[in-house]
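Engineer: Before I ask anything, let me first share the structure, which is written out below as C-alpha cells.
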Amino acid sequence: MHKPYISIIIPVKNGISTIESCLKGIEKQSLYKQCEVLIIDSGSTDGTLEVLQNYKVKLFKIPPQEFNHGATRNYGISLAEGELVVMTVQDATPSNTLWLENMARHFIDPEVAGVCGQQVVPHHPDKNPHRWFRPQSEGGYRKVQYPNQEDFLNLTPENKKQACSWDDVTAMYRKTALLEIPFQPVMFGEDMIWARDALLKGFSLIYDSTARVEHYHHHYPDYTYRRVLIVWLFIYKTFGYQRANPIVFKDYILIIYRNIKWKLPFKWIWHNWSLNYYISKAVKDFNLSIEMNQLNKIEQKLALHIPQGKI
C-alpha cells in the first residue's frame, strides 16, 4: 500500500447521528485514494464504534477524561503518515467532491503552512433558515503572511483577530509545520492560537472559501449566551480585542423582513430574536466585567482557563 498523501483526523464521541454523513462525504473526494482517515474516539457508547466498522478508517481510542482539543489533535498528528494533515469534526460534511483538492492546491507554495476553508449551513428544514448558506459569489482565497514579527505585533487587536480566524472544522496543514508548531493543550481555540503562532514564525496562511463543509449546531438561548462568553473571553485574552455590542435594533427588524421574504414559519422570528437577545446580553455582561475588573468571575463561571496572554 502506498503511503497516503493526506491524513484526515477526526475526534469522535457519540457521533452516530452524523459520522456516516461525514465519512461518506470524504469517500466522495477527488483525492480520496490518496488519503487515510484517523478516528480518535474518546468513549463513544451510542453505537458509533460499530458504525465505524463499515468504513475504511484507522480507529484509536483514548479515555474520555484525556480528551483535549489541542492535545488530542497532537496525538492524531503523531499517528498521521501523510504529508498533509486535515482537521475536521464528526458532524461536518464536505459540500462537494473538491473540498480536499481546493485546499491541497495551495501547498505548491513552500511557505504555506496551512489552508482554512469555510463552514456553511445547508438548506435543511431542521436547521435555522436564517443561517442557510446563500452565497453572493463562487468564493475565492486570500493569503496572510507577515515576514517580520513586528508587522504582526503592530496590528490592531481587531486585525490580529481577523488574521487568525482559523477553524479546525475545515483546515489542512503541512505536517512539518504542525511538528514545528504543535497545538497548545487547551480546551478551546487551539486553531486560532496555532494560526497566531504560525504567523509569528513568518509562515503563510491561506483562507479559501471554496473549501466548504456543511456544519450546524442548533443554538438555544442558554447555549448561545455561554458560547458568546467563551468566544469573547478567548479573543480578548488572546488578541486583546474588545468590541461594542454587535446587535442593534435594525437586526431585529431585518429578521422580520427576511422571514417574510423567505416565507418562513413565524417560529423562526421568535427563535432568532431570542438568539440576538442572548448574544447582546452576553456581550454587555462581558464588557461590564472588563470595566469592573472582574474578568476572573467570567472565567470561574465558565470553568474555562485560558492561560495565553494578550499580544
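The values are calculated or read from the model by the stated rules, or taken from the named source; none is laboratory data. Keep in mind it's a predicted model, so treat the numbers as computed, not measured. Methodologically, a virtual Cβ is constructed for each residue, glycine included, from the backbone with ideal geometry; neighbour enumeration extends over all protein chains shown. We work out accessible area using only protein heavy atoms, side chains counted, and drop any ligands, DNA or RNA first. Shrake-Rupley method; radii C 1.70, N 1.55, O 1.52, S 1.80 Å.
Engineer: Which percent of the accessible area of the chain is formed by carbon and sulfur heavy atoms (probe 1.4 angstrom)?
Structural biologist: Values: 8480 of 15740 Å².
Of the solvent-accessible surface of the chain, carbon and sulfur hold 54 percent.
Engineer: What does the net charge come to around His124 if you take all other residues with beta carbon closer than 12 Å to its beta carbon, with K and R at +1 and D and E at -1? The partial results should precede the final answer.
Structural biologist: Numbers: positive: Lys127, Arg131; negative: Asp126, Glu214.
Local net charge: 0.
Engineer: So, taking all protein chains as they sit and a 1.4 Å probe, how much accessible area belongs to Ile279, in Å² rounded to tens?
Structural biologist: It works out to around 40 Å².
Engineer: Let me ask something else about it. For the chain, modelled as a Gaussian network with Cα springs under 10 Å, which listed residue fluctuates most, Lys33, Lys297, Lys175?
Structural biologist: Result: Lys297 has the largest fluctuation of those listed.
Engineer: Further question: Rounded to the nearest 500, what is the chain's calculated 222 nm mean residue ellipticity when only DSSP H runs of at least 4 contribute -39500 (n - 2.57) each, over all residues?
Structural biologist: -12000 deg cm²/dmol
Engineer: If the limit is 21 Å between Cα atoms, which of Lys261/Lys284; Lys160/Lys237; Lys28/Lys58; Lys127/Lys263; Lys24/Lys263 go over it? Working shown, then result.
Structural biologist: Details: Lys261/Lys284 31 Å; Lys160/Lys237 12 Å; Lys28/Lys58 18 Å; Lys127/Lys263 15 Å; Lys24/Lys263 33 Å.
Too far apart for the 21 Å limit: Lys261/Lys284; Lys24/Lys263.
Engineer: What are the ³J(HN,Hα) couplings of the range 196-212, residue after residue, when phi is run through the Karplus curve with 6.51, -1.76, 1.60 and θ = phi - 60°? Round to Hz, x for glycine and proline.
Structural biologist: 4, 5, 5, 5, 5, 8, x, 5, 9, 10, 10, 10, 10, 6, 8, 8, 9
Engineer: Compute the relative contact order of the range 1-131 as a whole-number percentage, counting only Cα pairs closer than 8 Å that sit 6 or more residues apart in sequence.
Structural biologist: Values: 186 pairs, mean separation 45.8, N = 131.
It comes to 35 percent, rounded to a whole number.
Engineer: With the other protein chains left in place, how much accessible area per residue, in square angstrom, belongs to the chain at a 1.4 angstrom probe?
Structural biologist: That works out to 51 Å² for each residue.
Engineer: Using Cα centres only, tell me the gap between the range 18-45 and the range 187-251 in whole Å.
Structural biologist: Each part reduced to its Cα centre gives a spacing of 25 Å.
Engineer: Run through the range 231-289 and list the chymotrypsin sites (Phe, Trp or Tyr not before Pro) located in a DSSP loop whose Cβ has at most 11 other Cβ atoms within 10 Å. Could you put the intermediate results ahead of the total?
Structural biologist: On the way: sites: Trp232, Phe234, Tyr236, Phe239, Tyr241, Phe249, Tyr252, Tyr257, Trp262, Phe266, Trp268, Trp270, Trp273, Tyr277, Tyr278, Phe286; in loops: Tyr241, Trp262, Phe266.
Counting only loop positions with at most 11 other Cβ atoms within 10 Å, the chymotrypsin sites (Phe, Trp or Tyr not before Pro) in the range 231-289 are Phe266.
Engineer: Let me ask something else. Could you run the Karplus curve 6.51 cos²θ - 1.76 cosθ + 1.60 with θ = phi - 60° over the range 115-122 and give me ³J(HN,Hα) per residue in whole Hz, x for Gly and Pro?
Structural biologist: Along the range 115-122, the couplings run 10, 10, x, 9, 8, 9, 9, x Hz.
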